[in-house]
Amino acid sequence: MSAANLRRQKYRSPRPSTIKRLELQDTITDRLKAYNAKQRWRKRLSWLSWIWRRA
């Protein structure tokens, strides 16, 4: 669950600036997670291709 949604559940009327900041933080976090997943796969594939070339 996103930080903005958690804040909305916890407080009845949270500040709009806080919600905006948390939504931005959530998008940045999602992008970083996607980038890290991509990098993991890239590393895995390069390792496999290295093994394949050596064989």
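The values are calculated or read from the model by the stated rules, or taken from the named source; none is laboratory data. Note that this is a predicted model, so its numbers are computed, not measured. Here the Cβ positions follow ideal geometry from the backbone for every residue, glycine too, while neighbour counts run over all protein chains shown. The protein model used for the area step is the full one, side chains on, heavy atoms only, and it has no ligands, DNA or RNA in it. Shrake-Rupley method; radii C 1.70, N 1.55, O 1.52, S 1.80 Å.
The table below lists the values:
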{"quantity": "Long-range neighbours under 7 Å by Cβ, at least six apart or interchain, first residue in contact (Cβ under 8 Å) with a residue 12 or more places away in the chain and within 16 Å of Met1 (Cα to Cα) within the stretch 17-41, second open to solvent by less than 90 Å² (accessible area, probe 1.4 Å) and of a type in the set (Gly, Ala, Ser)", "calculated": "Ile19/Ala4; Leu22/Ala3; Leu22/Ala4; Glu23/Ala4; Gln25/Ala3; Asp26/Ser2; Asp26/Ala3; Asp26/Ala4"}
{"quantity": "Residues (assigned to a helix (DSSP H, G or I), among the polar types (S, T, N, Q) and loosely packed, with under 10 Cβ neighbours inside 10 Å) located in the stretch 13-35", "calculated": "Ser17"}
{"quantity": "Some residue of the stretch 37-55 being at pLDDT below 90, open to solvent by 100 Å² or more (accessible area, probe 1.4 Å) and part of a loop (DSSP other than H, G, I, E, B)", "calculated": "yes"}
